[in-house]
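Asker: Below are the structure tokens for one structure; questions will follow.
Please treat every number below as a calculation from the coordinates, not as lab data. This structure is a prediction, so every number in the text was calculated from the model and none was measured. Note: ideal-geometry Cβ built from the backbone for every residue, glycine included; neighbour counts use all protein chains shown.
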Amino acid sequence: MTEQNNDGIKLTPEQAKARRARNIALGLCIAGLCVLFFAVTIVRLGGAVLQRPM
Amino acid sequence: MSLVSGEQIDGGLRISSASPRDYFALLKPRVMSLVVLTALAGMMIEPVKVHPVVGFISLLAIAVGAGASGALNMWYDADIDAVMSRTSTRPIPSGRIQPGEALGFGLVLSAFSVATLGLVSNWLAAGLLAFTIFFYAVIYTMWLKRWTPQNIVIGGAAGALPPVVACAAVTGSVSLASLVLFAIIFIWTPPHFWALAIAKAGEYGRAGVPMMPNAKGEKRTRLEMLIYTILLAPLGVVPALLGQASIAYGVIAALSGLFMLRLAIKVWRAADAEAADRDCKKLFGYSILYLFLLFGVIVIENTIVTVLRVMG
């Protein structure tokens, strides 16, 4: 690696705060989608979908 | 030496300072709230009942689809938004979000919302949602808006479709009642939007958008607003006449329709530009209340009926 690359990208406090907020929002959206898709699977296919022969 | 200079990385890339709120603003949340209400009314106006989870996810997909078309609109119209006071603080013209980011956001949400609606409810509803997004983003935004003063008349179909999409999501077909709700929003759009356009005619003119007031004149616009409101007032009562809403709804729709007609007559008869401007602002504000009232009553009375039925 060159010395130039070692310096990397330095985020300003504002950029770091905005990135953290975006990451949290994305995480919450993905978690919410998981809950919704789980709920709709149970509703559409019934609870028995979890009891499958091994 | 750092790769970053201010917010700009060598090679044109940029570190984003956009907050989640900026992305939410791309979805036009105020328009989305109206879409949620009208779609909910479209869902409830038919006697068919779906599981609440399926209904909720369908409604969410329709709302996100509407928001996605808003993001695509803001991506394409960033040049117009930048020169108008009402829209210059939007995320793209203010520089908080890059146009490409808004385009990607809009396209991903469009695909996600259509696929989710198709998988959760049915593909007729998903197809109608895809058509709504296409109509708003391509037919209205890219074509009609900069081409004809009838832009918001024809483009209003996109804003009027959510109840039809919602009805299709719960019934699997398009019913007469949902088409009546479509017609109410479609006929409501011109007097609602032109009231704002008269107040902002100069800005639309400078932005090169041929809105009715700056393309055909204020007098002609005020006359057409009156004609559309004359059609709208009785149309608002039709759900009650068809038996899809109660007599109470019919009375509220008739009275609030007459009040809107009164405001439209005041706008039409305004003595000078200043009076017309003032009356247009009143009509614009009231028109939003009118639509919320009509669809709100449909939602509330159907909720009461459902609760009473569940309680036995």
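Asker: Please compute, for peptide A:17-23, the average count of beta-carbon atoms on other protein chains lying within 10 Å of each residue's beta-carbon.
Answerer: On the way: counts 2, 8, 5, 0, 4, 7, 1.
Per residue, the average neighbour count from other chains is 4.
Asker: I would also like to ask the following. Please list the non-local residues whose amide H lies under 5 Å from the amide H of residue B:14, H modeled 1.01 Å from N, same-chain partners needing a gap of 5 or more.
Answerer: Those qualifying (amide H under 5 Å, at least 5 residues apart or on another chain) are B:9.
Asker: Within straight cross-link reach of residue B:282, meaning Cα distance under 24 Å, which lysines are found once same-chain residues fewer than 8 apart are removed?
Answerer: Reachable lysines: B:28, B:200, B:216, B:219, B:266.
Asker: How long is the gain from residue B:275 to residue B:146 if the chain were fully straight, where each residue apart is worth 0.36 nm and the alpha carbon distance is subtracted?
Answerer: 43.6 nm
Asker: Calculate the mean, over all residues of peptide B:46-53, of how many other protein chain Cβ atoms lie within 10 angstrom of the residue's Cβ.
Answerer: 2
Asker: For chain A, find the longest principal axis of its Cα atoms and tell me its angle to the long axis of helix A:13-45, 0 to 90°, nearest 10.
Answerer: 10
Asker: Additional query: Within segment B:282-302, whose backbone N sits under 12 Å from a point 7 Å along Cα→Cβ of residue B:33?
Answerer: Once the point is set 7 Å along Cα→Cβ of residue B:33, B:289, B:292 turn out to lie under 12 Å by backbone N, inside segment B:282-302.
Asker: Continuing with the same structure: Under the definition of partner shielding as Cβ atoms of other protein chains within 10 Å of a residue Cβ, what is the mean value for peptide B:16-24?
Answerer: 5
Asker: Let me ask you something else. Just to be sure I understand: with springs between alpha-carbon atoms less than 10 Å apart, which residue in B:33, B:173, B:19 has the highest mean-square fluctuation in the Gaussian network model of chain B?
Answerer: Answer for the Gaussian network model of chain B: B:19.
Asker: In addition: Mind checking which of B:91, B:210, B:234 has the largest fluctuation in a GNM of chain B, springs on alpha carbons under 10 Å?
Answerer: B:234
Asker: Each residue of segment B:72-81 in order: what ³J(HN,Hα) in whole Hz does its phi give by Karplus 6.51 cos²θ - 1.76 cosθ + 1.60, θ = phi - 60°, with x for Gly and Pro?
Answerer: Along segment B:72-81, the couplings run 5, 4, 5, 5, 6, 9, 4, 5, 5, 4 Hz.
Asker: Gap in Å between the Cα centre of segment B:205-258 and the Cα centre of segment B:171-188?
Answerer: So the separation of the two Cα centres works out to 16 Å.
Asker: Here is a further query. With runs of 4+ DSSP H residues as the only contributors, calculate the mean residue ellipticity of the protein assembly as shown at 222 nm using -39,500 (n - 2.57) per run, divided by the residue total and rounded to the nearest 500.
Answerer: -24000 deg cm²/dmol
Asker: Taking H as built 1.01 Å from N, whose amide H comes closer than 5 Å to the amide H of residue B:245, not counting residues under 5 places away?
Answerer: Close amide H contacts, sequence-distant or interchain: B:240.
Asker: Here is a follow-up. How much FRET efficiency would the formula 1/(1 + (r/R0)^6) give for residue B:247 and residue B:123, where r is the Cβ-Cβ distance and R0 is 25 Å, rounded to 0.05?
Answerer: It comes to 0.10.
Asker: Can you tell me what percent of all Cα-Cα pairs in the protein assembly as shown are more than 39 Å apart?
Answerer: Summing the P(r) tail past 39 Å for the protein assembly as shown gives 25 percent.
Asker: Quick one: 3J(HN,Hα) in Hz for segment B:291-306, Karplus 6.51/-1.76/1.60 with θ = phi - 60°, rounded, Gly and Pro as x.
Answerer: Once θ is set to phi - 60°, the couplings for segment B:291-306 become 5, 4, 5, 4, 6, x, 5, 4, 5, 5, 5, 6, 5, 4, 4, 5 Hz.
Asker: Gap in Å between the Cα centre of segment B:33-69 and the Cα centre of segment B:117-150?
Answerer: Centre-to-centre distance over Cα atoms comes out at 16 Å.
Asker: About the Cα centre of chain B, how large is the charge dipole given +1 on each Lys and Arg Cβ and -1 on each Asp and Glu Cβ? Please answer in debye to the nearest 20.
Answerer: My answer is approximately 580 debye.
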